[in-house]
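Engineer: Take this structure, written in structure tokens, and hold onto it; I'll ask about it next.
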Amino acid sequence: MSNVPMNPEQQDAVNTIYGPLLVLAGAGSGKTRVVTQRIVNILEQGVHPSEILGLTFTNKAAGEMKERVRQMTHHNVLICTFHSLGARILRESIQALGYQPGFTIYDEQDVEKIMKLCLSEINPSLKLDSKQFLGMVSNAKNNLLAPDEIDPKTLESDQLLFPEVYKRYQAKMMEYNAVDFDDLLYLTGRLFKLHPEMLEHYQKRWSFLLIDEYQDTNGVQYSIVNNLVSKHHNLCVVGDPDQSIYSWRGANVRNILDFELDYPKAKVVRLEQNYRSRGNILDASNHLIKYNSGRLEKNLWSDRGPGEKIKHYTADTEKSEAQFVAEKIAFHYDKGDVPLKEMAIFYRTNAQSRALEDRFLIHHIPYVIVGGVSFYQRKEVKDILAFLRVVHSGVDFVSFSRTINIPKRGIGDTTIEKIRLGASESGFSLVAYCESLVQGKPLSYPIKLSAKQKEALLSYLSILHELREIGKSCSLKELVKNTIERTGYLQYLKEDPESEQERKENLNGLVSKAMEWELSAENPTLEGFLEELSLKSSLDEADQSKDRVSLMTVHNGKGLEFDVVFLVGMEEDLFPHANSRDSEIAQEEERRLCYVGMTRAREYLYLCDVRQRFLWGTTRLQRPSRFLKEIPSQHIEKIRPSFYAKSPQPMGYREEVSHVDEDDDVEEPFSDEIHAETADIDRLAAGDTVFHQDFGIGVIKQAYQGSSGLMFKVFFTKDSRERTLVAKLARLKKL
DNA sequence: CAATCCTGATTTTTT
DNA sequence: ATCAGGATTG
């Protein structure tokens, strides 16, 4: 692709270096290439690499761009996410806002603890909804509003406490020297607003700014960007209003739509040639998005030929939907034209991945969930990171309370709360306060502790002390390793033998991450390591070396492309989601989301809907998504269930599958039943521990007569799931 | 006061 | 199905 000459519009964008520039980049229009080439051109003008700042929304996008620029110019240019820019600026300058240097970044779980604390302090009897208030705090911060800038008139009657809650929350976060995700932007915005001299400092540092996915910027981000460029106006923003899908996170499409009002001298370039998708896919997407009102009209075209029509399949249940996807994956894979890593399944909600996973496991289809529960969210990893944070900070309450009773020392919630209060009232850090307690020093707010508890505190503190010493003299990797060993964590893991092995492996993974980071970072401090991990999302862990299909939400698919794309769950109330039902604006965002999903596909696009789905606790009858009707039928080919009879079997699944009737209204294979061959079933009964080739060790919960003879319900410990197996086919070994 | 067991709610999307 | 919060027990 990089050999193909650029089209005139691309050249125009790439050669416009000074002044404001808006690049309206349709899906697949070669945006990344333009952005990187433009940076190369700026550098060729003699601009120093450190004067350029590129901002993206994901670490992945940032990493890719940075790498491409490096390869082309051998220069390192600062390209990072908005949040890591915030972290970088605050690490240098947060003291101006009254925080200590070396702040901790709290994730959602951490933050919820703080919010609950605040709410119970304000009124313990009132059952206030911490999630709701956190959402409001986030909203306020996204719009750069401080607690005392909240207009009470905008509040509902049940939200009148909000300004007080917000204020208390910020105070508490400051007390623990912690910031939340939104603070990384909000506090940076405040800093620029309250300290013009600081703003000037950063204005001087970066004279060329480039913002990717500008349609998804929110109020704070807008303010930060505009402040930074207000002197030189060398600002290039790239985006596509039709791909704005984060308004619920405060993103404002007006930022991109009004760019020409903000910068009347702005040059506007429209990239409308799509190099990615076949005609049928592209035309269908174009027609769908036309249903939205108030768009910036555009004409995205492709010269890649019409390609295959979009395939639409209506399944009976989510299980047969998964079955269909599995078979189609096998079809393309066996045909040999598409590797697994070039196929993706997109769904609207995370919960939908379950049915697909179950099916893929049975069919031995290698898959990866992109953006599911992150490695760094695992309990054991969070525990060790919390220890490291206490080692590093000593005032961080959430990490303190998380670790103080690991392993179990007999210090429960009540004692923790006493310590928190005592430390807070006497103005000590948590660790310093505990030290005074243990040493029997006089305190302004002493608390009573049993001898046993004092001893427990002492052992905790001595471990901390030890680790701090190690931190001073050893490498980061050694510190992490010692933290795992000396805290007694490995012993603690033995309490749950089921998960012990897996958790140990995850901790080993953490040690190697520490080592990797140490080798790659310019300045490998513990603080930097913790910051990097806080900002790292599960999206960034994807391992491209393995050939496997990707499963992800449509949101996570933004910015990616695949040869084959499946969009599943195309049903009313799911996609578009039920929560958008009574808002025209929200529905248009759902449509954009669908547009984003469709335009990820290069060669083949499959759309699936289901007649009956288990959703929100019950089985519901589903109606096909309106989006299916909005796509012109000439681009769609309906696939009917009889497809099963002719299709090849999925890989690794050559065994018996229930036959399919010739009828249209066929009964599809009951996919809950797992078939395999041989067994010595006579000796098996409920309560027996068994081994299955694919699912590992399990316990038979129930044996009963089913449609295919004797059936077993088996609970497998490996993934904590219960499966129904046909006894005479199940390859079970008694243990 | 801590640990364990049990119950009841709970799924939109995430840097 | 999983998890947080509550009640109970030790």
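Engineer: If I filter the range A:574-585 for residues that are part of a helix (DSSP H, G or I), modelled with pLDDT under 85 and within 16 Å of DNA strand C (Cβ to nearest atom), do I get at least one hit?
Structural biologist: No, because not a single residue in the range A:574-585 is part of a helix (DSSP H, G or I), modelled with pLDDT under 85 and within 16 Å of DNA strand C (Cβ to nearest atom).
Engineer: Also, quick follow-up: Scan the range A:340-352 and give yes if some residue there is in contact (Cβ under 8 Å) with a residue 12 or more places away in the chain, farther than 26 Å from A:Thr314 by Cβ and of a type outside the set (S, T, N, Q), otherwise no.
Structural biologist: Yes, the range A:340-352 has at least one match.
Engineer: Select from the range A:388-415 the residues that are of a type in the set (A, V, I, L, M, F, W, C) and within 21 Å of A:Asp180 (Cβ to Cβ) and list them in ascending order.
Structural biologist: Of everything in the range A:388-415, those that are of a type in the set (A, V, I, L, M, F, W, C) and within 21 Å of A:Asp180 (Cβ to Cβ) turn out to be A:Leu388, A:Val390, A:Val395, A:Phe397, A:Val398, A:Phe400.
Engineer: Could you list all residues from the range A:438-454 that are within 17 Å of A:Asn405 (Cα to Cα) and either away from DNA strand B (no atom under 15 Å from the Cβ) or surrounded by 10 or more Cβ atoms within 10 Å (Cβ to Cβ) (or both)?
Structural biologist: The answer is A:Val438, A:Leu449, A:Ser450, A:Lys452, A:Gln453, A:Lys454.
Engineer: Do we find a residue being over 25 Å from A:Gly239 (Cα atoms), modelled with pLDDT of 90 or more, in a helix (DSSP H, G or I) and not basic (Lys, Arg) anywhere in the range A:203-218?
Structural biologist: no
Engineer: Looking only at the range A:557-570, decide whether some residue is closer than 24 Å to A:Phe82 by Cβ, at pLDDT 85 or above and more than 11 Å from DNA strand B (Cβ to nearest atom).
Structural biologist: yes
Engineer: Here is a further query. So in the range A:351-403, with the set limited to residues that are within 30 Å of A:Val549 (Cβ to Cβ) and among the charged types (D, E, K, R), which one is farthest from the chain's Cα centre (by Cα)?
Structural biologist: Among those that are within 30 Å of A:Val549 (Cβ to Cβ) and among the charged types (D, E, K, R), it is A:Arg359.
Engineer: Name every residue in the range A:389-431 that is surrounded by 16 or more Cβ atoms within 10 Å (Cβ to Cβ) and among the aliphatic types (A, V, I, L, M), in order of residue number.
Structural biologist: Once the filter is applied, which keeps residues that are surrounded by 16 or more Cβ atoms within 10 Å (Cβ to Cβ) and among the aliphatic types (A, V, I, L, M), the range A:389-431 yields A:Val390, A:Val391, A:Val395, A:Val398, A:Ile404, A:Ile406, A:Ile411, A:Ile416, A:Ile419, A:Ala423, A:Leu430, A:Val431.
Engineer: Hey, another quick one. If the Cβ limit is 7 Å and pairs must be 6+ apart or interchain, which residue in the range A:1-27 that is over 19 Å from A:Leu209 (Cα atoms) and at pLDDT 95 or above pairs with which residue that is surrounded by fewer than 17 Cβ atoms within 10 Å (Cβ to Cβ) and basic (Lys, Arg)?
Structural biologist: none
Engineer: Taking only pairs six or more apart or across chains, which ones have beta-carbon atoms under 7 Å, a first residue in the range A:116-145 that is at pLDDT 85 or above and among the polar types (S, T, N, Q), and a second residue that is within 15 Å of DNA strand B (Cβ to nearest atom) and part of a helix (DSSP H, G or I)?
Structural biologist: Hits for this filter: A:Ser138/A:Asp182; A:Asn142/A:Asp182; A:Asn142/A:Gly219; A:Asn142/A:Val220; A:Asn143/A:Gly219.
Engineer: Let me ask something additional. Suppose the filter is touching a residue at least 60 places away in the same chain (Cβ under 8 Å) and surrounded by fewer than 17 Cβ atoms within 10 Å (Cβ to Cβ); does A:Lys546 pass it?
Structural biologist: yes
Engineer: Name every residue in the range A:94-143 that is over 23 Å from A:Glu156 (Cβ atoms), within 13 Å of DNA strand B (Cβ to nearest atom) and among the charged types (D, E, K, R), in order of residue number.
Structural biologist: Hits for the range A:94-143 are A:Asp107, A:Glu108, A:Asp110.
Engineer: Quick one: would you say A:Tyr347 is within 15 Å of A:Cys608 (Cα to Cα), among the hydroxyl-bearing types (Ser, Thr, Tyr), modelled with pLDDT of 90 or more and more than 24 Å from the chain's Cα centre (by Cα)?
Structural biologist: Answer is no for this residue.
Engineer: Another question about this same structure. State yes or no: is A:Asp547 more than 26 Å from A:Ser84 (Cβ to Cβ) and assigned to a loop (DSSP other than H, G, I, E, B)?
Structural biologist: When the stated conditions are applied, A:Asp547 passes them.
Engineer: Given the options A:Leu507, A:Leu560, name the one that is touching a residue at least 40 places away in the same chain (Cβ under 8 Å) and assigned to a loop (DSSP other than H, G, I, E, B).
Structural biologist: The unique qualifying residue is A:Leu560.
Engineer: Could you say whether any residue in the range A:354-369 is within 12 Å of DNA strand B (Cβ to nearest atom) and buried (at least 19 other Cβ atoms within 10 Å of the Cβ)?
Structural biologist: Among the residues of the range A:354-369, at least one is within 12 Å of DNA strand B (Cβ to nearest atom) and buried (at least 19 other Cβ atoms within 10 Å of the Cβ), which makes the answer yes.
The values are calculated or read from the model by the stated rules, or taken from the named source; none is laboratory data. Computed from a prediction, not measured in an experiment: that's the story for all the values here. Neighbour counts are summed over all protein chains in view; Cβ atoms, including those assigned to glycine, are modelled from backbone coordinates with ideal geometry.
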